[in-house]
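All remarks here apply to the structure that follows.
The values are calculated or read from the model by the stated rules, or taken from the named source; none is laboratory data. Worth saying up front: this structure is predicted, and the values here are computed from it rather than measured. Cβ coordinates were reconstructed from backbone atoms using ideal geometry, including for glycine residues, and neighbour counts include every protein chain displayed.
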Amino acid sequence: MLRFLAILLLACAWASVWGCTSHSRGSTVFLIKAADRDEEIAIRRKLPAVQGAVQEAIIAYGLERIAIEVIVREMGGLGQTTPTVDGLLRVDSARVVINKRLLLDPPDDLDDVLLGLMAHELAHALHYSRMTAPELANVGELYRRFMNSPEGSLQPWARAYEQFTDLTAIVYGFGDPLIRQKRASAENLARNHPKKVWDFYLREDDIHTLMGDPDALREALDRSARATGVGSLRRLGDRMMASLPRGTPHDALAISEEEPAFIDDEPIGPWEDTESP
């Protein structure tokens, strides 16, 4: 009991970090943090493309029951997603940050890059929406510790989870735009980050291979899901693996619409399911 209370207290602490949303479920809102009026106008001209990518990912992942808050601002990477929770510590929205430089200096294939970016970022939202309060707390703590010590022992865990997120996007049919996003990310990372950061995500040739080999995709899903140590991700991984064809090229996963992505009545899982490997 004391351990469970400690978990809930940790979840509450992370709820205060993530914050709560005032947006209604199912809504998508935008917040622009621009340097000046001209920059804001230039960003606003690209928002319809962002909106289209967000909506396509929302529909594919079945996220119509949570709010999406998109923040466009200066940042190191191309994107970042964190959950916000309601009073019962359930995920009721996702906060997606986009690097404003992507919209101010857009590539020729911006629509595809945005779709790949949203496929990755909202795959995180899909994962968060399935996590229990203890899992959310544990994942938040693992990320906090990893960011404080990127060279430390949590590197394998962070790599496993980011690659599981890429794999989720591939399974849901976003392989091609994900490749476009990886190319844009590679250019951004080359300018702003050490090359080793790229090792945390799938590479273009990895994605090509996995799109054409469902057995390899199945193995990668199983390996990365188990390495996260998160029970809800292992269950999602099992469901995705079971839906993959065997021995034939893979285009998109036929997910049943009977089970929503946001699960209200999933019981609080044991702490053992959320431990890092």
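Within region 122-172, the residues that satisfy the criterion of being crowded, with 23+ Cβ neighbours inside 10 Å and assigned to a loop (DSSP other than H, G, I, E, B) are 131, 132. Scanning region 228-242 for residues that are among the aliphatic types (A, V, I, L, M) and touching a residue at least 12 places away in the same chain (Cβ under 8 Å) returns 230, 233, 236, 240, 241. Does residue 35 satisfy the condition of being under 23 Å from residue 166 (Cα atoms) and among the small types (Gly, Ala, Ser)? In short, no.
Set side by side, the residues 85, 54 differ, and just one is aliphatic (A, V, I, L, M), in contact (Cβ under 8 Å) with a residue 24 or more places away in the chain, closer than 21 Å to residue 183 by Cα and surrounded by 21 or more Cβ atoms within 10 Å (Cβ to Cβ), which is 54. A search for C-beta distances below 6 Å between a residue of region 175-196 that is within 11 Å of residue 120 (Cβ to Cβ) and any residue that is surrounded by fewer than 16 Cβ atoms within 10 Å (Cβ to Cβ) and at pLDDT 80 or above, counting only pairs 6+ apart in sequence or on different chains, returns 182/204.
If the condition is being more than 30 Å from residue 42 (Cα to Cα) and either part of a loop (DSSP other than H, G, I, E, B) or among the β-branched types (Val, Ile, Thr) (or both), then region 82-121 contributes 85, 86, 87, 88, 89, 90, 91. Across region 173-200, the qualifying residues are those that are assigned to a loop (DSSP other than H, G, I, E, B) and at pLDDT 90 or above, and the one among them that is surrounded by the most Cβ atoms within 10 Å (Cβ to Cβ) is 174.
Is it true that some residue in region 242-262 is modelled with pLDDT of 95 or more and surrounded by fewer than 20 Cβ atoms within 10 Å (Cβ to Cβ)? The answer is no, given that none of the residues of region 242-262 is modelled with pLDDT of 95 or more and surrounded by fewer than 20 Cβ atoms within 10 Å (Cβ to Cβ). Checked against the criterion of being without any contact (Cβ under 8 Å) to a residue 60 or more places away in the chain, basic (Lys, Arg) and farther than 24 Å from residue 180 by Cβ, the candidates 44, 73, 37 yield just one match: 37.
Can you spot a residue in region 221-239 that is of a type in the set (Ser, Thr, Tyr), part of a helix (DSSP H, G or I) and more than 17 Å from the chain's Cα centre (by Cα)? No: zero hits. Within region 57-81, restricting attention to residues that are touching an Asp or Glu at 6+ places or on another chain (Cβ under 8 Å) and in a loop (DSSP other than H, G, I, E, B), the residue that is surrounded by the most Cβ atoms within 10 Å (Cβ to Cβ) is 66. Evaluation of residue 119 against the conditions (1) among the small types (Gly, Ala, Ser); (2) modelled with pLDDT of 95 or more; (3) surrounded by fewer than 19 Cβ atoms within 10 Å (Cβ to Cβ) shows that the sole unmet condition is (3).
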